[in-house]
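One structure is given here, and the rest of the page talks about it.
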Amino acid sequence: MNNLTVKDHSVSGEEFQLVFDEVLKMYKTEPQPSLDKLPSYYESEDYISHTDTQRNLFEKIYHWVRSYMLSKKMTLVLQHTKSDGKKVLDIGCGTGDFLAMAQKYKWEVTGIEPDAQARKIAAEKTTTEIHTNDWLAEIPDHSFDAITMWHVLEHVPNLEEQIATLKRIIKPNGTIFIAVPNFNSHDASHYKEFWAAYDVPRHLWHFSQNAIKGLFQKENLKVVKVLPMKFDAYYVSLLSEKHKTGKMNPVKGFYRGFVSNFKAITTSEYSSLIYVIKND
C-alpha cells in the first residue's frame, strides 16, 4: 500500500502523512500531534459529534440518522451481552445519546468524554457524572459487561495501551463493541486523499479488518462478528465531495455512497464497520 498525503479540511488546513504498517495492515497518521496540542484540532463548530446543533439540512439528516442508529446499536448490545449483565461503559460518549438510550433499558451507565462541552450535555441527559480520559486508569478490573466505542478507537493516542485497558476492565465473557471507518471500502478507494473518514489529525489510526482482528487478538480478545454501518457511506461521501470540489454535491455524494454499499455486498468492505469482540 502506498503512503498518502492528506489535508485537515476541518480546522487547521495542515497536511499529514498516512504511513502504512505492513505488519498490522493499517495506516498511522504522522506526525501525530502532542497530547497538549491535540484538543485544538477539535475546536470547530463543525465537529458535529460534540454538539446537538441542527443549523442546516446536513446536520438535521446527521442527527436523524444518529437517532435511528441508536436503537440499532442498543439492539446489538442486548443481543451479544449476557441477560444478567447490565453495566456498560461508553468511551467517547459525545453528548450522551447512547448512554441515555441504555438507561431506558435499565442499564447502569458510565461515560468517558474528553470534550468539556459534550461532557456537560451528556451529564444533563443522563443525570450521571461523565468522566475525563484520566479516569480510565482508575477503573477496577472486570468492571463492565459491555464496553462501547462508537467511532472512537481511531482517535485514541496510545492504541495498544487502550486495547490492553479494555481487556483489563471488561468482565470475563463480556463484550466490546467497536465502530471504525474502513479504508478498504469503495468510497475510500474512490476519493483517495479526499476521503473524509481519514479526518486527520483527529483520526490517528486507520484500520482494516485484519488490523482490528490482529490488534485485539494480542490481548486474547476475539472478533466474533463484523457488521456494516451502511449510512456512513452516504455521510462520508457527501463530505468527501466537499473536500474534493469545495462544495457539497448531494447527487454525487449519495450516488457514490450507494455504489460503495452495493460493491460491499460481495466484498464486505463497507465504509464503516462494527466489530463485536468477546473476552475469551
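Key figures for this structure:
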| item | result |
| --- | --- |
| Lone qualifier among THR132, THR148 - being surrounded by fewer than 19 Cβ atoms within 10 Å (Cβ to Cβ), of a type in the set (Val, Ile, Thr), out of contact with any His (no Cβ under 9 Å at 6 or more places or on another chain) and within 25 Å of TYR41 (Cα to Cα) | THR132 |
| Given (1) within 17 Å of VAL88 (Cα to Cα); (2) touching a helix residue (DSSP H, G or I) at 6+ places or on another chain (Cβ under 8 Å); (3) surrounded by fewer than 22 Cβ atoms within 10 Å (Cβ to Cβ), number of the condition ARG168 does not satisfy | (2) |
| The stretch 78-120, subset among the basic types (Lys, Arg) and part of a loop (DSSP other than H, G, I, E, B), residue farthest from VAL276 (Cα to Cα) | LYS106 |
| Lone unmet requirement of (1) closer than 30 Å to ASP280 by Cα; (2) part of a loop (DSSP other than H, G, I, E, B); (3) of a type in the set (Val, Ile, Thr) for VAL200 | (1) |
| Tally of residues being surrounded by fewer than 17 Cβ atoms within 10 Å (Cβ to Cβ) and touching a Pro at 6+ places or on another chain (Cβ under 8 Å) across the stretch 247-280 | 1 |
| Unique match (being basic (Lys, Arg), at pLDDT 95 or above, in contact with a strand residue (DSSP E or B) (Cβ under 8 Å, 6 or more places away or on another chain) and not in a helix (DSSP H, G or I)) among LYS213, LYS225 | LYS225 |
| Residue satisfying condition, being within 20 Å of PHE177 (Cβ to Cβ) and modelled with pLDDT under 95, within set THR110, THR95 | THR95 |
| Which listed residue, of ASN210, ASN184, is surrounded by fewer than 18 Cβ atoms within 10 Å (Cβ to Cβ), closer than 25 Å to VAL23 by Cα and not small (Gly, Ala, Ser) | ASN210 |
| Close pairs from the stretch 10-37: first more than 19 Å from VAL156 (Cβ to Cβ), partner among the basic types (Lys, Arg), Cβ under 7 Å, at least 6 apart | GLY13/LYS7; GLU15/LYS7 |
| Condition met for ALA179 (in contact (Cβ under 8 Å) with a residue 24 or more places away in the chain, assigned to a helix (DSSP H, G or I) and either surrounded by 19 or more Cβ atoms within 10 Å (Cβ to Cβ) or small (Gly, Ala, Ser) (or both)) | no |
| Given (1) farther than 25 Å from GLY13 by Cα; (2) touching a Ser or Thr at 6+ places or on another chain (Cβ under 7 Å); (3) assigned to a helix (DSSP H, G or I), index of the condition TYR191 fails | (1) |
| Odd one out for ASN133, checked against (1) in contact (Cβ under 8 Å) with a residue 60 or more places away in the chain; (2) in contact with a Pro (Cβ under 6 Å, 6 or more places away or on another chain) | (1) |
| Cross-chain or 6+ apart pairs with Cβ under 7 Å, the stretch 153-175 first and more than 22 Å from LEU273 (Cβ to Cβ) and outside any loop (DSSP other than H, G, I, E, B), then small (Gly, Ala, Ser) and modelled with pLDDT of 95 or more | ILE169/SER143 |
| The stretch 1-22, residues that are modelled with pLDDT of 95 or more and among the β-branched types (Val, Ile, Thr) | THR5, VAL6, VAL19 |
| Complete set of residues in the stretch 99-108 that are in contact with a helix residue (DSSP H, G or I) (Cβ under 7 Å, 6 or more places away or on another chain) and surrounded by fewer than 22 Cβ atoms within 10 Å (Cβ to Cβ) | ALA100, MET101, GLN103, TYR105 |
| Some residue of the stretch 244-252 being in contact with a His (Cβ under 8 Å, 6 or more places away or on another chain), farther than 27 Å from LYS82 by Cβ and not small (Gly, Ala, Ser) | no |
| Contacts under 6 angstrom Cβ, first residue in the stretch 257-280 being farther than 19 Å from LEU238 by Cβ, partner part of a helix (DSSP H, G or I) and at pLDDT 95 or above, 6 or more apart | TYR275/ILE212; ILE277/PHE216 |
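The values are calculated or read from the model by the stated rules, or taken from the named source; none is laboratory data. If you're wondering where the values come from, they're calculated on a predicted model, not measured in any experiment. Backbone-built Cβ (ideal geometry, glycine too); neighbour counts: all protein chains shown.
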